[in-house]
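Inspection log for the structure reproduced underneath, given as structure tokens.
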């Protein structure tokens with residue numbers, strides 16, 4: 001399942017948002033460290049305007065002074081105002097560790113065009129949800145440059161192929177769910193704790209166990225709902241995007257959309 005509920009589930013969750021939240025996108029990486037030192041200042045939280053109130057729902061990374069890189073499934077319903085009433089004006093981004101002001105407003109959004117031609121996503125099917133043309137990448141162009149924040153460099157094509165993945169450490173960063181106290185995202189009475197703080201956690205790759213498309217990197221647990229679109233860093237270089245978790249409790253492996261793949265590189269070269 002992806003790291004964010006559908007728009008319908010998001011609206012339902014927003015209606016009952018509280019300190020203890022029912023299976024909704026929220027704040028920090030599961031088992032992570034709160035980024036109180038603002039180490040990952042270029043990682044922001046995407047916030048959606050629902051009936052005049054703003055709710056965290058995805059993460060993203062500043063990759064140019066006025067451009068945020070995130071996931072297609074976080075932004076596909078915001079490219080232009082649709083029948084659901086949502087559009088670019090309903091999105092803002094905060095780079096504060098706690099998701100507070102100042103906020104960056106949005107000029108326009110570019111989602112990988114192939115994303116809109118993909119078939120339905122269901123279950124944990126790597127063929128239905130992860131195979132081409134499901135290119136889970138998007139760019140959010142802001143109204144103004146973000147002051148005082150250094151954009152993250154993006155990995156070049158084939159970057160991960162030059163590494164011994166079994167011996168490398170990566171860092172997942174995001175504003176997603178902290179922990180499930182009871183139940184899971186699929187439970188009717190799940191309890192999810194969040195603190196609204198950007199968090200990070202070191203993870204390792206899981207190589208050679210599954211025939212997943214080479215556009216994805218499989219990693220150990222850490223990312224959760226609300227971390228979608230956030231970065232996987234190798235050092236200070238963003239190498240992939242948080243895309244997919246295999247566990248409703250975010251306790252299993254995750255898949256990261258590789259930015260060093262040919263298709264991602266072509267998208268970035270065209271639009272960034």
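The values are calculated or read from the model by the stated rules, or taken from the named source; none is laboratory data. All figures in this text were calculated on a predicted structure; none of them were measured in a lab. Here the Cβ is made from the backbone with ideal geometry for all residues, glycine too, and neighbour counts use every protein chain on show.
Can you tell me which residue in segment 213-241 is surrounded by the fewest Cβ atoms within 10 Å (Cβ to Cβ), limited to those that are at pLDDT below 95 and in a strand (DSSP E or B)?
So the residue we want is 218.
Report whether or not residue 181 is assigned to a strand (DSSP E or B), closer than 27 Å to residue 97 by Cβ, touching a strand residue (DSSP E or B) at 6+ places or on another chain (Cβ under 8 Å) and modelled with pLDDT under 95. Working first, answer last.
Working: assigned to a strand (DSSP E or B): yes; closer than 27 Å to residue 97 by Cβ: yes; touching a strand residue (DSSP E or B) at 6+ places or on another chain (Cβ under 8 Å): yes; modelled with pLDDT under 95: yes.
For residue 181, the condition - assigned to a strand (DSSP E or B), closer than 27 Å to residue 97 by Cβ, touching a strand residue (DSSP E or B) at 6+ places or on another chain (Cβ under 8 Å) and modelled with pLDDT under 95 - is met.
Condition test on residue 201, is it more than 16 Å from residue 130 (Cβ to Cβ), assigned to a loop (DSSP other than H, G, I, E, B) and in contact (Cβ under 8 Å) with a residue 40 or more places away in the chain? Reasoning before the result, please.
On the way: more than 16 Å from residue 130 (Cβ to Cβ): yes; assigned to a loop (DSSP other than H, G, I, E, B): no; in contact (Cβ under 8 Å) with a residue 40 or more places away in the chain: yes.
It is false that residue 201 is more than 16 Å from residue 130 (Cβ to Cβ), assigned to a loop (DSSP other than H, G, I, E, B) and in contact (Cβ under 8 Å) with a residue 40 or more places away in the chain.
Being in contact with a helix residue (DSSP H, G or I) (Cβ under 9 Å, 6 or more places away or on another chain), crowded, with 19+ Cβ neighbours inside 10 Å and over 20 Å from residue 75 (Cα atoms), is that true of even one residue in segment 189-201? No. Being free of Cβ contacts under 8 Å to residues at least 40 places away in the same chain and either part of a loop (DSSP other than H, G, I, E, B) or over 18 Å from residue 272 (Cα atoms) (or both) is true of residue 119.
Give the residues of segment 33-54 that are surrounded by 22 or more Cβ atoms within 10 Å (Cβ to Cβ) and not in a loop (DSSP other than H, G, I, E, B), sorted by residue number. 43, 44, 45, 46, 48 - these are the residues of segment 33-54 that are surrounded by 22 or more Cβ atoms within 10 Å (Cβ to Cβ) and not in a loop (DSSP other than H, G, I, E, B).
Listed residues 69, 78; which is under 21 Å from residue 153 (Cβ atoms), buried (at least 18 other Cβ atoms within 10 Å of the Cβ) and either at pLDDT 95 or above or in contact with a helix residue (DSSP H, G or I) (Cβ under 8 Å, 6 or more places away or on another chain) (or both)? Spell out how you get there, then give the answer.
Details: 78 fails: under 21 Å from residue 153 (Cβ atoms).
It is 69.
Condition test on residue 260, is it more than 15 Å from the chain's Cα centre (by Cα) and assigned to a strand (DSSP E or B)? No.
Residue 160 - would you say it is under 22 Å from residue 238 (Cα atoms) and in contact with a strand residue (DSSP E or B) (Cβ under 7 Å, 6 or more places away or on another chain)?
yes
Within the group 171, 192, which residue is at pLDDT below 95, within 19 Å of the chain's Cα centre (by Cα) and outside any loop (DSSP other than H, G, I, E, B)?
Values: 171 fails: at pLDDT below 95.
None of the other options fit; the residue is 192.
If only residues of segment 71-101 that are without any contact (Cβ under 8 Å) to a residue 40 or more places away in the chain, assigned to a loop (DSSP other than H, G, I, E, B) and over 25 Å from residue 239 (Cα atoms) are counted, the one that is farthest from the chain's Cα centre (by Cα) is 83.
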